[in-house]
1. What size of dipole, in debye to the nearest 20, comes out for the chain about its Cα centre when the only charges are +1 on Lys and Arg C-beta atoms and -1 on Asp and Glu C-beta atoms?
2. Report the local net charge at Gln48: Lys and Arg +1, Asp and Glu -1, summed over other residues whose C-beta lies under 14 Å from its C-beta.
3. Give me the 1.4 Å probe accessible area per residue for the chain, excluding ligands and nucleic acids, in Å².
4. Taking the Cα centre of the chain as the origin and placing charges on Cβ (Lys, Arg +1; Asp, Glu -1), which of Thr10, Ala22, Gln33 is farthest toward the positive end of the dipole?
5. Counting only protein heavy atoms and using a 1.4 Å probe, what share of the accessible area of the chain belongs to carbon plus sulfur, as a whole percent?
6. May I ask you to list, by number, the DSSP H helices of the chain whose Cα span along the axis is at least 20 Å and whose average Kyte-Doolittle hydropathy reaches -1.0 or more?
7. Taking 37 °C and 0.692 mPa s as the conditions, I'd like the Stokes-Einstein D for the chain in µm²/s, using the Kirkwood hydrodynamic radius from alpha carbon pairs.
8. Can you show me the helix-derived [θ] at 222 nm for the chain, built from DSSP H runs with n ≥ 4 at -39,500 (n - 2.57) apiece and divided by the number of residues, rounded to the nearest 500.
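The values are calculated or read from the model by the stated rules, or taken from the named source; none is laboratory data. This is a predicted model, so every value here is computed, not measured. Because the Cβ atoms are built from the backbone with ideal geometry, glycine has one as well, and the counts that use them run over all protein chains shown. SASA here: full protein model, heavy atoms, side chains in, ligands and nucleic acids out. Shrake-Rupley method; radii C 1.70, N 1.55, O 1.52, S 1.80 Å.
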Amino acid sequence: MASSSSSSWTPKQNKVFEKALAVYDTDTPDRWQNVAKVVGRSVEDVKQHYQILLEDVKHIEDGAIPFPKYITTTTKKR
């Protein structure tokens, strides 16, 4: 039985979801059924998660989410 949409997604499920989206692109028949099967969630769960992903991408592209400040390290030449 698939998990409900109200439960949070694990990092592993997110990674599997992202990979499944790449494998089962928009031209794939039964895309959402295939993604749901691979992830172990219902079709409605993966569709809802995809909509959230699209919203996140839009916020990033609109500049609403700042880029993280990464700590860089440099090596000193001797």
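1. 800 debye
2. Values: positive: Arg41, Lys47; negative: Glu44, Asp45, Glu55, Asp56.
So the surrounding residues net to -2.
3. Value for the chain: 86 Å² per residue.
4. Positive-most Cα among the choices belongs to Thr10.
5. On the way: 3700 of 6670 Å².
Whole-percent figure for carbon plus sulfur exposure: 55.
6. On the way: long enough: 43-61 (27 Å, -0.57).
Taking the DSSP H segments of the chain (at least 20 Å long, mean hydropathy at least -1.0), we get 43-61.
7. Details: Rh = 14.6 Å.
The estimated diffusion coefficient comes to 224 µm²/s.
8. Working: 3 runs with 41 residues, N = 78.
-17000 deg cm²/dmol, from helical runs alone.
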